[in-house]
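To start, the structure under review is shown below, and the notes come after it.
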Amino acid sequence: MVYIGTAEASPNMPFVKYWGKRNEALILPMNSNISATFDSSLATRTTVFFSESLKADELWINGKQFPPESLDKAIPQLNIIRELAGIQMFAKIYSISKVPVAAGLSSSSAGLCALALASASALGLKLPAEELSIICRRGSGSSCRSIYGGFVEWVRGDKTDGSDSYGVQIADDKHWPELRMLAVSIEETEKKVKSRAGMKQTVLTSTLYQKRLQDIGNTLDSVRNAIRNKNFQSLAELTMKESNNMHAVCMDTWPPILYLNDNSRTVIQSIHDFNEGGLRAAYTFDAGPNPYIITEEKNLKSVLELLKKMSFIKHIFISKIGGNPRVLEEHLLNEKGKPV
Ligand code: 2P0
């Protein structure tokens with residue numbers, strides 16, 4: 001007996017960052033956080049194949065098998081799904097990612113969301129979106145926001161078991177069609193401090209982090225309002241300040257975590273120079289040196305002209321606000337678990 005399921009999900013880009021956990025094992029965040037989901041041009045497509053013939057869980061990305069330690073985020077998810085379905089078979093995870101893996105472009109949020117949906121589909125589990133989002137979260141926090149397209153808030157929740165901590169949609173993909181999100185790749189090597197370890201160290205050592213947590217409620221209210229009112233100027237300013245705040249807190253962590261490099265800082269300065277006559281673009285950085293840029297369609301051409309002057313930029317992925325992830329009937333593996 002084999003079970004196969006396939007799903008496609010896109011990464012997301014945070015306006016308000018998730019940085020720090022209140023429960024490590026259940027992956028519960030210190031603060032609510034807000035993102036938008038990229039469109040399907042950046043999606044990850046994943047087929048999950050459960051079979052008694054497998055001797056261990058396997059992870060394949062873009063045709064290459066990854067070592068067992070690369071499954072550390074997938075296995076907690078698979079175990080939840082296996083328990084819900086009452087099976088004990090191992091799984092082969094076979095993913096095709098359109099963005100470079102580990103390039104700091106949030107590929108894990110897409111990967112873990114696609115995995116949760118594909119596994120639930122393979123085993124015929126019909127789960128409400130909240131429950132799917134919680135299963136995503138147990139793999140990787142940020143992936144619980146990819147369960148919806150549009151603009152999504154991962155609500156912190158108060159319960160110790162995490163049953164009220166999941167992604168909720170603020171507005172769908174049709175709400176702000178003029179908005180563009182650019183994922184800019186300037187460095188494609190794996191980051192030195194993974195976000196999981198980095199955020200843990202911040203919670204333990206940064207005093208500036210306490211101030212961040214005090215202020216974040218106001219930031220969340222303002223970002224929700226900017227999104228609802230499609231106020232680009234407000235969203236742009238809040239997004240840049242929030243990114244700078246997260247990276248200031250990383251610098252205040254001991255030992256300090258330096259995700260930005262000289263090229264990242266060149267992008268920051270160039271965007272501020274570009275914005276001198278009024279806010280037309282904003283940057284934000286996750287746990288790595290690669291910027292995301294937001295702008296509106298009317299300013300996209302000038303933003304691209306600005307970026308093209310920077311010779312260190314390797315790739316620019318341009319995206320609209322994306323829709324919901326999808327379960328697909330067409331699989332990447334056949335009934336024997338071989339690539340189609
Ligand atoms: C975010 N990041 O909001 C923030 C901003 C990185 C910087 O979510 O430990 O890979 O698996 O829950 O989801 C990266 O964190 O961490 C992240 P885990 P995850 O997107």
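Bear in mind that the values in this text are calculations on the coordinates, not laboratory data. The shown structure was predicted, so the numbers you read here are calculated from the model rather than taken from an experiment. Cβ coordinates were reconstructed from backbone atoms using ideal geometry, including for glycine residues, and neighbour counts include every protein chain displayed.
If each Cα of region 220-260 is one equal point scatterer, what is log10 of I(q)/I(0) from the Debye formula at q = 0.17, 0.21, 0.26, 0.28 Å⁻¹?
-0.52, -0.64, -0.77, -0.83
Stretched out fully, how many nm does the piece from Lys194 to Asp273 gain, at 0.36 nm a residue minus the Cα gap? Spell out each step's value before the answer.
Numbers: separation 79, 0.36 × 79 = 28.44 nm, distance 3.11 nm.
In short, 25.3 nm is gained.
Could you point to the residue in Leu105, Leu260, Thr207 farthest towards the positive end of the chain's charge dipole, with +1 and -1 charges on the Cβ of Lys/Arg and Asp/Glu respectively?
So the residue furthest toward the plus end is Leu260.
What FRET efficiency comes out for the pair Asn244/Leu125, r = Cβ-Cβ distance, R0 = 35 Å, nearest 0.05?
On the way: r = 42 Å, r/R0 = 1.19.
According to the calculation, E is roughly 0.25.
First obtain the Kirkwood hydrodynamic radius of the chain from its Cα pairs, then insert it into the Stokes-Einstein equation at 20 °C and 1.002 mPa s, and state the resulting D in µm² per second as a whole number. Let's see the in-between values first.
Values: Rh = 20.2 Å.
Translational D for this selection: 106 µm²/s.
Debye calculation, C-alpha points only, no solvent: report log10 I(q)/I(0) for region 179-319 at q = 0.13, 0.16 Å⁻¹, in the same order as the q values.
For the requested q values the scattering log ratios are -0.60, -0.90.
Obtain the nm distance between the two label points defined at Asn218 and Leu258 by a simple spin-label model: each point lies 7 Å from its Cα along the Cα-to-C-beta direction.
So the two model labels end up 3.1 nm from each other.
I'd like to verify something in the chain: which complete DSSP H helices, judged by Cα projection on the helix axis, reach 27 Å or more and average at least -1.0 on the Kyte-Doolittle scale? Walk me through the numbers on the way to the answer.
Working: long enough: 208-228 (29 Å, -0.72); 232-252 (30 Å, -0.19).
Result, helices passing both filters: 208-228, 232-252.
How many nm is it between the label spots at Lys64 and Gln210, if each spot is 7 Å from the Cα in line with the beta carbon?
Between Lys64 and Gln210, the label points sit 4.5 nm apart.
Anything over 18 Å Cα to Cα? Flag those among Lys21/Lys194; Lys98/Lys298; Lys55/Lys126; Lys98/Lys174; Lys126/Lys336, in the order listed. Can you show the working numbers first?
Details: Lys21/Lys194 14 Å; Lys98/Lys298 26 Å; Lys55/Lys126 27 Å; Lys98/Lys174 23 Å; Lys126/Lys336 25 Å.
Flagged as over cut-off: Lys98/Lys298; Lys55/Lys126; Lys98/Lys174; Lys126/Lys336.
Ratio of Rg to Rh for region 130-227, alpha carbon only, Kirkwood? List each step's numbers first, then the result.
On the way: Rg = 15.8 Å, Rh = 15.9 Å.
The Rg/Rh ratio comes out at 0.99.
Starting from 0.36 nm per residue, how many nanometres of slack lie between Lys308 and Asp158 once their C-alpha separation is accounted for?
49.5 nm
Which of the peptides 209-218, 110-119 is most tightly packed, and how do the rest follow, going by the mean number of other Cβ atoms within 10 Å of each residue?
In descending order of packing, they fall as 110-119, 209-218.
Can you give me the relative contact order of the chain as a percent, contacts being Cα pairs under 8 Å and 6 or more apart?
On the way: 760 pairs, mean separation 84.2, N = 340.
Relative contact order here is 25 percent.
When the helix-only estimate is applied to the chain (DSSP H runs of n ≥ 4, each -39,500 (n - 2.57), divided by the residue count), what is the mean residue ellipticity at 222 nm, nearest 500 deg cm²/dmol?
Values: 8 runs with 117 residues, N = 340.
-11000 deg cm²/dmol, from helical runs alone.
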